[in-house]
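Participant: Got a structure for you, written out below as structure tokens; questions coming shortly.
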Amino acid sequence: MLVDMGYIPIAPHVYFSQFMDDYNPEDRRKALDMNKKLLEFCDELWVFGDEITEGMREEIEYFKKIKGEDKIRWIKL
């Protein structure tokens, strides 16, 4: 498990969906902006699976810009 390895997994889509509506364009934009802000505190970005949504792609590109592509791990499921 990631926690046992000393990592702190952050999955804002699980948290934000409790009080924001992903189908509401204003909420979705706010959530993506908050996700980007959280990425600024992360040392690495781990991408799980093969399906990359539009929102994920935006966050991945942002992370590449601020931290570098070498800090992204692609995890195949």
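Read the figures in this text as sums done on the coordinates, not as results from a lab. Since the model is a prediction, treat every value here as computed from it, not as a measurement. With ideal geometry, Cβ positions are generated from the backbone for all residues, glycine too; neighbour counts draw on all protein chains shown.
Participant: Under 8 Å for C-alpha pairs, at least 6 residues apart: give me the relative contact order for the stretch 1-76, rounded to a whole percent.
Facilitator: Dividing the mean separation by the residue count of the stretch 1-76 yields 27 percent.
Participant: Let me ask something additional. Measure off 7 Å from each Cα along the Cα-to-Cβ vector at Phe41 and Glu61, then give the distance between these two points in nanometres to one decimal.
Facilitator: Reported label-point gap for Phe41 and Glu61 is 2.6 nm.
Participant: Multiply the residue gap between Leu77 and Asp22 by 0.36 nm, knock off their C-alpha separation, and tell me the result in nm, one decimal place.
Facilitator: 17.3 nm
Participant: Using only Cα atoms, tell me the angle between helix 25-39 and the longest principal axis of the chain; keep it within 0 to 90° and round to the nearest 10.
Facilitator: For 25-39 against the chain, the angle is about 20 degrees.
Participant: For helix 54-67, what angle does its Cα long axis make with the longest principal axis of the chain, in degrees from 0 to 90 and rounded to 10?
Facilitator: Tilt relative to the chain: about 50 degrees.
Participant: Another question about this same structure. Running Debye on the chain with equal point scatterers at the Cα sites and no solvent, what base-10 log of I(q)/I(0) appears at q = 0.11, 0.13, 0.20 Å⁻¹?
Facilitator: -0.29, -0.41, -0.97
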